[in-house]
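Every read-out reported here was derived from the displayed coordinates using simple, explicitly stated rules and does not represent laboratory data. Worth saying up front: this structure is predicted, and the values here are computed from it rather than measured. So basically every Cβ, Gly included, is an ideal-geometry build from the backbone, and we count neighbours across all protein chains shown.
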Amino acid sequence: MNAEWRWDFTFEILPKMLWATLNTIMAAGIGYAIAMVVGLIFLLGQRTPFKIINMINREIVEFIRSTPLLIQLFFVYFVLPQFGITLSAWVCGMITIGLHFGTYLSEVYRGALEGVPKTQWEACRALNFSTIYTYRKIVLPQAFPIAIPGMGNYLVGIFKDTPLLSTIGVAELFHAATAVGGYHYRYLEPYTIVGLIFLTLSIPAAMWIRKIEKDVNLAQGKIKKEKV
Amino acid sequence: MSYLAFLSEHGPTMLLGTVMTIKVLICATLLYVIISVIFGLMRVSKNPIIQGVATGYIEFFRGTSLLVQLFWFYYVLPFFGISLEAFTAGVVAIGMNFGAYGAEIVRGGILAVPKGQWEGAFALNFTPAKRMRKIIIPQIFPIILPPAANLTVELLKATALVALVTVVDLTFEAKQINSITWLSAQCFGTALLIYYIISRFFLVPFLRWLEVLAARKVGKDKI
């Protein structure tokens, strides 16, 4: 083994890695879409007036949040077939990521809803708006900007956790790197390329989110100014 | 096989794995705390070079995946003649990754100390080092401990990854037992439960206790 960087090898494996990157992006996108819906379900469980459902919901969220994603992946992938449900690695991975990050997103949603001042609710009550109308026209438009930074952070978070999917055999970027590295018995280039691809994708994404956050804060400030 | 029989046969192995997980947790937490403080302080430095180094470090480690860093430390560093043991590689990768996140928390905490405190220290002619040590740092603990506690719970979850570079921790043992017995529900279920118990009944109460202690130290009894 020598530490020399081999450019010919790099260019040989680069197309394969870039193709696998598409899979990674797709996995992150699908996982995020599922997580957003799951987050809504957990949010509903949290806000129903039934105390028992609230408690069960909180315990489930707590449990999913405090156990490692890796073992959850193994659990879904290995245990479901024992009950006769055989899913592909892709489906298992997407379900698990959706569930895991759904619990985080439900917290983001909750924080955003609670970030809307109570007086808004009271004003709507005074104006005799229905609950649905209040949500649609008054609360959600104000809650959404508050939720954006948190939601963006978890999008990047999901993106950075997709390499875990390689452990159950989803052919994404990291899986491709391990396969290429094992085949040629050279890990220097594949893993370094993976790191660089992650950097080139996630740093602009993080900057973009920070910009949105700034814009949202500005917009929020404007709203306050108009009120005064 | 009943669950009790499973526990009596494989429970001791799982416990051994749990001990290793806790070892990784403690070592990585110590490392990440040290790194966070150093880079957090560097991040608020006025010297552009020091600040640039810290920003570069933080962006680099937050921008790439922990698993990639872990594999890089374990499989790529030997190419440069640095062979780390699996345990060391795991602890270093997790510590450096979470140190980057922690540094941002420390930076936020330092910036959140009221401006009057800085001015007061300046008016009293404190040197910058003394101002940091005696005025600012004691006040940042109640600010940074809640987010740091969340980060530490995340770190506990991240320790599961070291199993992939052959550290014999709880996840590794669960996988091993699974491949021998094919009792997936039992072994992964038990592993999930153990992680949950560590986090819910040991780690989180300990961190809450630290938060209360820190708040009391600066005279804010309510968090």
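Annotations
- For region B:1-35 versus region A:122-166, the spacing of their alpha-carbon centroids is 38 Å.
- Value of [θ]222 nm, deg cm²/dmol, for chain A, DSSP H segments ≥ 4, -39500 (n - 2.57) each, nearest 500: -27000 deg cm²/dmol
- Springs join every pair of Cα atoms under 10 Å in this Gaussian network model of chain A, and among A:ILE30, A:ILE138, A:ILE193 the largest mean-square fluctuation is at A:ILE138.
- Rounded if a/c under 1.5, otherwise prolate or oblate - chain B, Cα gyration tensor axes: oblate
- Reciprocal of mean inverse Cα separation for region A:94-228 (Kirkwood radius, Å): 18.1
- Shape summary: region B:106-223 maps onto an equivalent ellipsoid whose semi-axes, from the alpha-carbon gyration tensor, are 44, 15, 8 Å in decreasing order.
- Residue-span extension gain [B:LYS134 to B:VAL113] - 0.36 nm each, minus C-alpha spacing: 6.3 nm
- Top of A:GLY29, A:GLY39, A:GLY115 by mean-square fluctuation, Gaussian network on chain A, Cα under 10 Å: A:GLY115
- Given B:LYS46/B:LYS115; A:LYS160/B:LYS23; A:LYS211/B:LYS115; A:LYS118/A:LYS211; A:LYS160/B:LYS157, the pairs whose alpha carbons are separated by over 20 Å: A:LYS160/B:LYS23; A:LYS211/B:LYS115; A:LYS118/A:LYS211
- D by Stokes-Einstein for the protein assembly as shown, Kirkwood Rh over Cα pairs, 25 °C, 0.890 mPa s: 102 µm²/s.
- When restricted to Cα atoms, region A:1-156 yields an Rg and a Dmax of 21.2, 75 Å, respectively.
- Residues B:CYS187, B:CYS27 in ascending order of nearby Cβ atoms (within 10 Å, fewest first): B:CYS27, B:CYS187.
- Every helix of 4 or more DSSP H residues in chain B counts as -39500 (n - 2.57), and over all residues that averages to -24500 deg cm²/dmol at 222 nm.
- Spacing of the modelled spin labels on B:LEU210 and B:GLU9, each 7 Å from Cα toward Cβ, amounts to 4.0 nm.
- Cα centroids of region A:1-35 and region A:189-210: 11 Å apart.
- Using the Cβ-Cβ distance between A:GLU122 and B:LEU193 with R0 = 45 Å, the FRET efficiency computed as 1/(1 + (r/R0)^6) comes to roughly 0.50.
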